[in-house]
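The values are calculated or read from the model by the stated rules, or taken from the named source; none is laboratory data. Keep in mind it's a predicted model, so treat the numbers as computed, not measured. Here the Cβ positions follow ideal geometry from the backbone for every residue, glycine too, while neighbour counts run over all protein chains shown.
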Amino acid sequence: MGYYLKAPMPEAQVAKMQNLAQTLREDPVKGKHTDEMLQVSSGTIGIILEHLFIEPLNRVNAGAVSRKAAAMGIKTGLSMFTKIARKSFAGFSSDQLLGFADWLEDGIGTD
């Protein structure tokens with residue numbers, strides 16, 4: 001059995017994930033959905049990273065410098081992800097696009 005990281009996800013982001021998964025299943029064309037894939041995955045990853053790094057700092061009342069450093073790290077990480085993922089997503093085959101749709105749906109759960 002595998003373990004999963006759990007993070008709260010706004011309903012609007014879940015809707016974007018579900019819509020993209022459906023779009024990819026209906027029209028898995030290489031290079032066609034790159035921008036939407038990038039936007040949805042970056043948004044999702046950003047939310048998860050904030051939950052992992054910013055929320056704990058807020059809970060322990062960490063100083064502003066610590067929160068700003070964490071936010072800067074998240075921003076830098078997302079920027080690097082965007083540069084790498086754009087090229088990768090653009091080259092995804094139909095099967096890989098369907099796998100990405102599976103990944104999106106697998107990541108959505110409720111308590």
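Scanning the stretch 9-68 for residues that are under 12 Å from L104 (Cβ atoms), hydrophobic (A, V, I, L, M, F, W, C) and outside any helix (DSSP H, G or I) yields a count of 1. Mind checking whether some residue in the stretch 94-104 is under 27 Å from E36 (Cα atoms), hydroxyl-bearing (S, T, Y), modelled with pLDDT of 95 or more and under 18 Å from the mean Cα position of the chain (by Cα)? So far as the stretch 94-104 goes, no, none of its residues is under 27 Å from E36 (Cα atoms), hydroxyl-bearing (S, T, Y), modelled with pLDDT of 95 or more and under 18 Å from the mean Cα position of the chain (by Cα). If the condition is being touching a Phe, Trp or Tyr at 6+ places or on another chain (Cβ under 9 Å) and surrounded by 15 or more Cβ atoms within 10 Å (Cβ to Cβ), then the stretch 13-60 contributes L20, A21, L24, P28, H33, T34, M37, L38, S41, S42, I45. Apart from one condition, T82 fits all of (1) modelled with pLDDT of 95 or more; (2) in a helix (DSSP H, G or I); the exception is (1).
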